[in-house]
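Undergrad: Input: one structure, supplied below.
The values are calculated or read from the model by the stated rules, or taken from the named source; none is laboratory data. It should be emphasised that the depicted structure is a prediction, and the values quoted were computed from it without experimental measurement. Methodologically, a virtual Cβ is constructed for each residue, glycine included, from the backbone with ideal geometry; neighbour enumeration extends over all protein chains shown.
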Amino acid sequence: MMDFLARISCMTYNHAPYITDAMNGFVIQQTDFPFVCTIIDDASTDGEPEIINQYLADHFNKVVLDIPTADETDEYTRVFARHKENKNCYFLVFLLKYNHYSIGKPKLTSVYDLIDAIPYIAICEGDDYWTDPLKLQKQVDFLEANVDYSLCFHKVSIVSNNEKDLMLFSQLKEGDFTARQIYEKWTVPTCSVLYRNYLDNPFEKNSAVIFGDIFIWLQLAERGKLRCLGFVGASYRRYQGSASCNYPVETSIKLYYQYLFFEKRFPELKDVSRRKQDEEGLADIVKAAYFPGIWKYRLRYAFRHKKRLLFSKFCVDTFFLYTPIRHLIFWKKL
């Protein structure tokens, strides 16, 4: 493959109403270097693969990869193409034939073997979109000129019908941010980042990581400084059904284990991880209706909040209603 300076990572699933906006945001980028957008569709069921294929047919010319790998396998269909007008813009599209997320399988890690030498990586999921045609150029220029920075990001506009959502990222202003600042408030909009391709395996093969973006940012903070640039370069979409708006109990449990892992991985931020276990990771779990194992989370919560201990109603209910002891015939006769 050719020498790209930047790669755009676009993971997408059931984003049919939005994916055209995302792809339009990629192809409007005006750069003095070639860049490639890797789109991985995780076997969407809402017609998104057909939309992507039609977009490629309308706006791109197919290019033959100069590597000995198949364009179609039992796992995916692949297309590598160059935009008809923007000659610096390439798409490398993988349409997965079965859903990887549902079985806990990484989304085609072999993709990164093809493109791991690209110096810079940007991220934009399929339901967000870029609005500034110079976004990529501005960010690459910044990192090229400032070797002590590992990541830069920018402001975003919020697309939402909920007025509360409009305040998201309102704390962003031009300047440097620390790891603690971005972790405490999850400051960085994912669709705004560009970072140096420092991390050989950003997820460290750890299944505890459910939201990988913050994990990447914290690792990059260990390698260099983080900068928010002053321009608005993208739109961050919030809607019922988006990953950032839905925290079912299953997700809360996974998020709780992620914070446990973060306690050990980032010991200097242990106090933040502890707070988030209570504020975000446990809130939905301890209030949930019964599910197997709920008692473990309720008792952990009680030990963190001493007033819940001993003979409090919280602990009594946990012991008699949620633990396996609730099945004993003795209690049912009372």
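Undergrad: Would you please name the residue that is farthest from the chain's Cα centre (by Cα), looking only at residues in region 34-52 that are surrounded by fewer than 15 Cβ atoms within 10 Å (Cβ to Cβ) and not β-branched (Val, Ile, Thr)? Steps first, please.
TA: In the first step, residues of region 34-52 are kept if they are surrounded by fewer than 15 Cβ atoms within 10 Å (Cβ to Cβ); the result is 45-47, 50.
In the following step, the residues that additionally are not β-branched (Val, Ile, Thr) were identified as 46-47, 50.
Working: ASP46: 21, GLY47: 22, GLU50: 24 Å.
Filtering region 34-52 for residues that are surrounded by fewer than 15 Cβ atoms within 10 Å (Cβ to Cβ) and not β-branched (Val, Ile, Thr), the one farthest from the chain's Cα centre (by Cα) comes out as GLU50.
Undergrad: Also, I was wondering about something else. Please find, among TYR236, TYR257, the residue that is aromatic (Phe, Trp, Tyr) and either at pLDDT below 85 or surrounded by 18 or more Cβ atoms within 10 Å (Cβ to Cβ) (or both). First the steps, then the outcome.
TA: Working: TYR257 fails: either at pLDDT below 85 or surrounded by 18 or more Cβ atoms within 10 Å (Cβ to Cβ) (or both).
Answer to the selection: TYR236.
Undergrad: Can you tell me which residue in region 294-314 is nearest to THR251 (Cα to Cα), limited to those that are of a type in the set (A, V, I, L, M), in a helix (DSSP H, G or I) and at pLDDT below 85?
TA: Keep residues of region 294-314 that are of a type in the set (A, V, I, L, M), which gives 294, 299, 302, 309-310.
Checking which are in a helix (DSSP H, G or I) leaves us with 294, 299, 302.
When the remaining residues are screened for being at pLDDT below 85, the result is 299, 302.
Numbers: LEU299: 19, ALA302: 21 Å.
The extreme case among them is LEU299.
Undergrad: I'd like the residue in region 261-293 that is out of contact with any Asp or Glu (no Cβ under 9 Å at 6 or more places or on another chain) and modelled with pLDDT of 90 or more and, out of all such residues, is nearest to GLU250 (Cα to Cα).
TA: PHE261
Undergrad: Restricting attention to region 143-166, does a residue exist that is buried (at least 19 other Cβ atoms within 10 Å of the Cβ), at pLDDT below 95, hydrophobic (A, V, I, L, M, F, W, C) and at negative phi?
TA: Looking for residues that are buried (at least 19 other Cβ atoms within 10 Å of the Cβ), at pLDDT below 95, hydrophobic (A, V, I, L, M, F, W, C) and at negative phi, one finds at least one in region 143-166, hence yes.
Undergrad: Tell me yes or no: at least one residue of region 68-81 is hydroxyl-bearing (Ser, Thr, Tyr), out of contact with any Phe, Trp or Tyr (no Cβ under 8 Å at 6 or more places or on another chain) and at pLDDT 95 or above. Don't jump to the end; show me each part of the working.
TA: To start, the set of residues in region 68-81 that are hydroxyl-bearing (Ser, Thr, Tyr) comprises 69, 73, 76-77.
Now narrow it down to the ones that are out of contact with any Phe, Trp or Tyr (no Cβ under 8 Å at 6 or more places or on another chain): 69, 73.
With the extra rule that they be at pLDDT 95 or above, the set shrinks to none.
For region 68-81, residues hydroxyl-bearing (Ser, Thr, Tyr), out of contact with any Phe, Trp or Tyr (no Cβ under 8 Å at 6 or more places or on another chain) and at pLDDT 95 or above: absent.
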